[in-house]
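Engineer: Just dropping this structure here.
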Amino acid sequence: MEAALARWGRGESSAFVEIVREHQAMVFSMAYYFLHDRSVAEEIAQDVFLRLYRNLAGIKSPAHLMLWLRKVTSRRCIDEVRRNPARPQVSLEEAPEPFDPSPPSDPLLSRRLRRLVTSLPENARMVIILRFQEELELAEIAEILEIPINTVKSRLQRSLAMLREKLDTVLESAGDEAD
Amino acid sequence: MKPIEEELRAALRKQEPPEGFAARVLARVNTRPTPQTAWWAPLRAFVRSPRWRWVAAAVAACLLLVAAVVYHRREQRMEAQGEMAKAQVMKALRIASVKLNIARRKVQEIDRSGPQS
């Protein structure tokens, strides 16, 4: 990535495509898991890379690039939810229980978890995505979201407790129906 | 079942965007003109930033306070000018009254001495 940035610095515009290809999965997935809507996630990812194109001259290193992309994507996702509160959000209470009476297989459980993540409050949701999609440390998440590390910690604990509780309910009800 | 942390890692595995994503980004880069930054854009961004919103509120409060002080002083100045004008009018009336009394006395004196001559 350092080479791509250097090439961009020398005026090679093809380096930008390389940068997009390298980071598109990260940016798109953050937006997708946050909004649970592929088309809006793509639109946001495109916006982030357009903004990157205009600001690439100020990017100093690959680490700076990662931080910049995560920061801008997080902000853009949270702004999107705040700007369009009418966009259907899944609340923990409203999240439908599984209709399949058999115990959930892994793909089902994953799908279920993704829906439950989308039902979290937006700040907690982004903490979960940065922690488990991006595998970031609490300090890194605090830097990206510009919040104290203790806030990150408490949001993470609270979100995990909520997810655990809801998932237990889901699995119990699936088990009962199977019996 | 695995711990929820592991399940989350599995559930939130990175996904590639739809085919042709990079090409669509490039197309937008090539078609969209770079917007000219308006001179007030940094100010607007500053005011919109939640972190600095309180600064904007404090500045607005200070401006209001300054405006109130200026208004109050202007009112006081106008009141003083009004008082001064009133005093001048009263003084003029007093002078006019004295002069009229003098004139009336003169007329009366002339009236009294007139038939004798």
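Engineer: From the list A:R114, A:R158, A:R82, A:R70, exactly one residue is at pLDDT 95 or above and part of a helix (DSSP H, G or I). Which is it?
Structural biologist: Details: A:R114 fails: at pLDDT 95 or above; A:R158 fails: at pLDDT 95 or above; A:R82 fails: at pLDDT 95 or above.
Matching residue, one of A:R114, A:R158, A:R82, A:R70: A:R70.
Engineer: Oh, and also: Taking segment A:47-67 as the region of interest, how many residues are more than 26 Å from B:T31 (Cα to Cα) and part of a loop (DSSP other than H, G, I, E, B)?
Structural biologist: 2
Engineer: Filter segment A:85-111 for residues that are away from every other protein chain (no Cβ under 14 Å) and under 25 Å from A:E43 (Cα atoms); which is modelled with the highest pLDDT?
Structural biologist: Top of the filtered list is A:P85.
Engineer: Looking at segment A:5-13, is at least one residue within 13 Å of another protein chain (Cβ to nearest Cβ) and hydroxyl-bearing (S, T, Y)?
Structural biologist: yes
Engineer: Is it the case that some residue within segment A:47-61 is more than 22 Å from the chain's Cα centre (by Cα) and at the interface with another protein chain (Cβ under 10 Å from one of its Cβ atoms)?
Structural biologist: Yes, segment A:47-61 contains at least one residue that is more than 22 Å from the chain's Cα centre (by Cα) and at the interface with another protein chain (Cβ under 10 Å from one of its Cβ atoms).
Engineer: Take A:I44 and tell me if it is within 14 Å of chain B (Cβ to nearest Cβ) and either closer than 18 Å to A:I141 by Cα or not in a helix (DSSP H, G or I) (or both).
Structural biologist: no
Engineer: For A:E135, only one of the following conditions fails: (1) outside any helix (DSSP H, G or I); (2) of a type outside the set (A, V, I, L, M, F, W, C); (3) surrounded by 17 or more Cβ atoms within 10 Å (Cβ to Cβ). What is its number?
Structural biologist: Every listed condition holds for A:E135 apart from (3).
Engineer: Write out, first by first residue and then by second, each pair whose Cβ atoms fall under 6 Å of each other, whose residues are 6+ apart or on separate chains, and whose first residue, in segment A:25-44, is touching a residue at least 24 places away in the same chain (Cβ under 8 Å) while the second is of a type in the set (S, T, Y) and assigned to a helix (DSSP H, G or I).
Structural biologist: A:V27/A:T73; A:M30/A:T73; A:H36/A:T118
Engineer: On to the next question. Among the residues of segment A:21-41, which ones are facing chain B (nearest Cβ under 8 Å) and either of a type in the set (S, T, N, Q) or surrounded by fewer than 22 Cβ atoms within 10 Å (Cβ to Cβ) (or both)?
Structural biologist: Those that are facing chain B (nearest Cβ under 8 Å) and either of a type in the set (S, T, N, Q) or surrounded by fewer than 22 Cβ atoms within 10 Å (Cβ to Cβ) (or both): A:R21, A:Q24, A:A25, A:M26, A:S29, A:R38.
Engineer: Quick one: A:K153 ticks every box in (1) touching a residue at least 60 places away in the same chain (Cβ under 8 Å); (2) more than 14 Å from chain B (Cβ to nearest Cβ); (3) surrounded by fewer than 19 Cβ atoms within 10 Å (Cβ to Cβ) except a single one, so which number is it?
Structural biologist: The failed condition is (1).
The values are calculated or read from the model by the stated rules, or taken from the named source; none is laboratory data. Please read all numbers here as calculations on a predicted model, not as lab measurements. Because the Cβ atoms are built from the backbone with ideal geometry, glycine has one as well, and the counts that use them run over all protein chains shown.
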